[in-house]
Amino acid sequence: MTVKDLNPTEYNSYYGPYIKKLPENLALIDGFTEGLDNVLQFFHSIPSEKLEYRYAEGKWSVKEVFQHIIDTERVFMYRCFRIARHDKTPLPGFNQDDYIMPSQAHKKSMATLLLEYSSVRKNSITLLNSLSDEDLKFVGTASENTLSARAAAFIILGHEIWHIDVIKTHYL
């Protein structure tokens with residue numbers, strides 16, 4: 001199952017920029033395993049003096065962006081799981097800004113964030129490996145929009161690339 005297998009009707013157009021960050025021939029599991037190494041290497045390489053940096057008033061720090069990537073993976077993998085299990089219950093949206101302050105990302109060490117990301121990602125890979133292609137194609141509702149289980153997973157991959165690009169251009 002690759003990105004090119006996705007139909008744009010499987011997700012809200014809001015997520016299109018994230019999907020466009022992915023190579024068309026990227027296989028879902030490969031994206032998650034390669035992403036694990038790439039993200040860990042990227043965040044591990046950021047100088048400690050940049051971890052609390054904010055490029056503008058009201059913007060998140062690098063550690064908060066990393067926490068946001070982790071939290072978003074949790075939310076979207078939960079959506080993927082529920083939809084892949086053919087749960088037709090509409091899933092609510094989430095306000096990303098409401099998650100940052102209680103996360104206490106600014107108090108966490110980079111080692112803690114790296115471990116948290118790694119644990120979440122390995123859990124995501126385990127879940128994806130347990131789902132059939134047919135279940136991943138199942139379509140449900142999240143944030144009042146159509147979403148397939150596989151689209152939820154691919155969005156995670158594009159989302160983290162999006163934010164790494166933002167960090168590279170605005171923070172480093």
Pairwise centroid distance, computed over Cα atoms, of the range 55-83 with the range 150-169, Å:
10
Identify the trypsin sites (Lys or Arg not before Pro) of the range 1-90 meeting these criteria: DSSP loop state and at most 14 other C-beta atoms within 10 Å of the C-beta.
R54, K59, R85, K88
When the helix-only estimate is applied to the chain (DSSP H runs of n ≥ 4, each -39,500 (n - 2.57), divided by the residue count), what is the mean residue ellipticity at 222 nm, nearest 500 deg cm²/dmol?
-19000 deg cm²/dmol
Please build a GNM for the chain, connecting alpha carbons under 10 Å apart, and tell me which residue among H106, H159, H68 fluctuates the most.
H106
On a 0 to 90 degree scale, rounded to 10, what angle separates helix 28-44 from the longest Cα axis of the chain?
10
Quick one: which residues, 5+ away or cross-chain, put their amide H under 5 Å from the amide H of T146? H built at 1.01 Å from N.
none
Calculated FRET value between E34 and D133, using beta carbons and R₀ = 22 Å, to 0.05
0.65
Point-to-point label distance, T141-E24, nm (Cα→Cβ direction, 7 Å offset):
3.3
Hey, got the dipole for the range 78-143? About the Cα centre, +1 on K and R Cβ, -1 on D and E Cβ, debye to the nearest 20?
140
Loop only per DSSP, at most 16 neighbouring Cβ atoms within 10 Å: give me the GluC sites (Glu not before Pro) in the range 82-165, ordered by residue number.
E144
Give me, ordered by chain and number, the residues 5 or more places off N12 or on other chains with an amide H under 5 Å from its own placed amide H.
none
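Fewest first, what order do Y14, Y117, Y53 take by the number of other Cβ atoms within 10 Å? Walk me through the numbers before you get to the answer.
On the way: Y14 10, Y117 21, Y53 16.
Ascending Cβ contact count within 10 Å gives the list Y14, Y53, Y117.
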Given charges at Cβ of Lys, Arg, Asp, Glu: the range 1-131 dipole, positive-most of L26, L91, S109
L91
Which pairs break 19 Å Cα to Cα here: K21/K168; K122/K168; K4/K137; K50/K107; K20/K50; K4/K88?
K122/K168; K20/K50; K4/K88
Two-site label geometry, N7 and T126: point separation in nm, points 7 Å out along Cα→Cβ
3.3
Here the net charge surrounding S61, from other residues whose Cβ is less than 12 Å away from its Cβ (Lys, Arg +1; Asp, Glu -1), is +3
Please state the charge dipole magnitude for the chain, taken about the Cα centre, from unit charges on C-beta atoms (+1 on K and R, -1 on D and E), reported in debye and rounded to the nearest 20.
160
Charges on Cβ only, +1 for Lys and Arg, -1 for Asp and Glu, centred on the Cα centroid of the chain; of P47, S132, N145, which one is farthest towards the dipole's positive end?
P47
For the range 83-94, Karplus couplings with θ = phi - 60° (6.51, -1.76, 1.60), whole Hz, Gly/Pro x
5, 5, 8, 6, 6, 8, 5, x, 9, x, x, 9
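Rule-based calculations on the coordinates, nothing more; no lab input. Fair warning: this is a prediction, and the values are worked out from it, not measured in the lab. All Cβ positions, glycine included, derive from the backbone under ideal geometry; neighbour counts span all protein chains shown.
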